[in-house]
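*Asks:* Following this message is one structure expressed as structure tokens.
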Amino acid sequence: MTIVSPPRGDAARTQPWLIVSAGAICWGALAFVVLHLVSGRDPLRDAVSLYAFTDQAPGLLAVSILWVAFGSVTTVGALAAAGVPLSRTTKVLFGLWSGGLALAAVFPVSYGQLSSLVSGEIHQYACVAAFLSVPAIGLSLAAGTRGIPALARDRATVLRWTRYSMAGLVLFAVSYLLDKSAGVPLGTILPVGLTQRITLVIDIGLLCAVIRLAYGASASSRTARPITAAPGYADLSPGR
């Protein structure tokens with residue numbers, strides 16, 4: 001068993017990061033809801049990417065995505081300020097998630113004459129990288145905080161949302177494949193638009209759980225005491 005010090009975060013320094021992170025993600029989520037209210041598209045069957053092409057709120061989808069991407073970047077700052085152990089792997093995964101979102105916002109899906117095939121390819125691969133990164137972020141953070149009793153409750157919440165995220169990702173993948181398969185009746189029962197939104201909502205929930213983890217770490221640093229880390233934990237990044 002390895003004896004490590006508790007999170008050495010500064011609550012005063014962490015608070016601005018937490019406020020900015022929560023505010024940015026909430027603004028992104030609010031813009032996303034407003035877009036659905038005014039666009040006139042079918043939220044069950046139309047993919048989220050198609051909301052980039054609407055006369056009622058042009059550019060609002062990109063704004064929504066960029067707010068969430070920005071809030072995710074500042075969440076890393078909140079975790080670091082709170083003293084949460086961050087491996088290189090965790091930082092890379094946050095980069096893939098935030099970078100994937102930013103690219104998806106800048107390069108819309110291919111849509112007739114309004115968007116090129118190259119833009120559509122970039123958008124598709126950026127979305128895949130982003131979606132796959134979210135549950136991996138949860139697993140990486142859970143591994144890094146496994147031996148910190150003060151964060152046990154918040155870690156359990158992160159793990160629970162990580163499981164939801166993996167389940168949502170599988171559900172979305174199944175519905176996407178069914179949607180692409182001709183003559184499959186389940187494609188109408190499990191519309192890709194619905195499963196995509198379920199996955200997005202769960203991913204936002206996981207981000208909120210991560211922000212709560214940072215808050216818990218900053219609070220626990222006020223009453224620091226020796227703790228025991230899980231045996232054998234190490235940075236999962238290459239070269240370690």
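The values are calculated or read from the model by the stated rules, or taken from the named source; none is laboratory data. For clarity, every value in this text was computed on a predicted model and none was experimentally measured. Ideal geometry is used to build each Cβ from the backbone, glycine not excepted, and the neighbour counts take in all protein chains shown.
*Asks:* In the stretch 190-240, which residue that is under 30 Å from Arg13 (Cα atoms) and of a type in the set (S, T, N, Q) is modelled with the highest pLDDT?
*Replies:* Only one residue fits best here, namely Ser218.
*Asks:* May I ask you to list pairs of residues, at least six apart or on different chains, whose Cβ atoms are under 9 Å apart, with the first in the stretch 59-79 being outside any helix (DSSP H, G or I) and the second being crowded, with 22+ Cβ neighbours inside 10 Å and among the polar types (S, T, N, Q)?
*Replies:* From residues that are outside any helix (DSSP H, G or I), there are no pairs.
*Asks:* Looking only at the stretch 154-189, count how many residues are in contact with a Gly (Cβ under 6 Å, 6 or more places away or on another chain), at pLDDT 75 or above and of a type in the set (D, E, K, R).
*Replies:* Total satisfying the criteria: 1.
*Asks:* Would you be able to tell me the number of residues in the stretch 82-116 that are assigned to a helix (DSSP H, G or I) and closer than 16 Å to Leu50 by Cβ?
*Replies:* 2
*Asks:* Just a yes or no: is a residue in the stretch 19-26 polar (S, T, N, Q), modelled with pLDDT of 85 or more and either buried (at least 16 other Cβ atoms within 10 Å of the Cβ) or part of a helix (DSSP H, G or I) (or both)?
*Replies:* Yes: one or more hits.
*Asks:* Checking Val106 against (1) within 22 Å of Leu44 (Cα to Cα); (2) surrounded by fewer than 17 Cβ atoms within 10 Å (Cβ to Cβ); (3) of a type outside the set (Lys, Arg), which test does it fail?
*Replies:* Failing condition for Val106: (1).
*Asks:* Pick from the stretch 87-133 the residues that are without any contact (Cβ under 8 Å) to a residue 24 or more places away in the chain and in contact with a Ser or Thr (Cβ under 6 Å, 6 or more places away or on another chain): which of them is nearest to Ala62 (Cα to Cα)?
*Replies:* Filtering first and then ranking leaves Phe107.
*Asks:* Right, here's the next one. Quick one: how many residues across the stretch 122-154 are β-branched (Val, Ile, Thr) and in a helix (DSSP H, G or I)?
*Replies:* Total satisfying the criteria: 4.
*Asks:* Sticking with this one: Using the structure shown, decide if Phe94 is crowded, with 17+ Cβ neighbours inside 10 Å, under 26 Å from Thr195 (Cβ atoms) and touching a His at 6+ places or on another chain (Cβ under 7 Å).
*Replies:* No; evaluated as a whole, the condition is false for this residue.
*Asks:* Out of the residues in the stretch 132-153 meeting the condition of being modelled with pLDDT under 95 and surrounded by 23 or more Cβ atoms within 10 Å (Cβ to Cβ), tell me which one is farthest from Val201 (Cα to Cα).
*Replies:* Of everything passing the filter in the stretch 132-153, Ile148 is farthest from Val201 (Cα to Cα).
*Asks:* Further question: Given the criteria touching a helix residue (DSSP H, G or I) at 6+ places or on another chain (Cβ under 6 Å) and either of a type outside the set (D, E, K, R) or at pLDDT below 95 (or both), does Gly112 qualify?
*Replies:* no
*Asks:* Additional query: Tell me which residues, restricted to the stretch 23-42, are touching a residue at least 60 places away in the same chain (Cβ under 8 Å) and farther than 14 Å from Leu66 by Cα.
*Replies:* Asp42
*Asks:* Kindly list the number of the only condition in (1) within 16 Å of the chain's Cα centre (by Cα); (2) surrounded by 15 or more Cβ atoms within 10 Å (Cβ to Cβ) that fails for Ala167.
*Replies:* All conditions pass for Ala167, except number (2).
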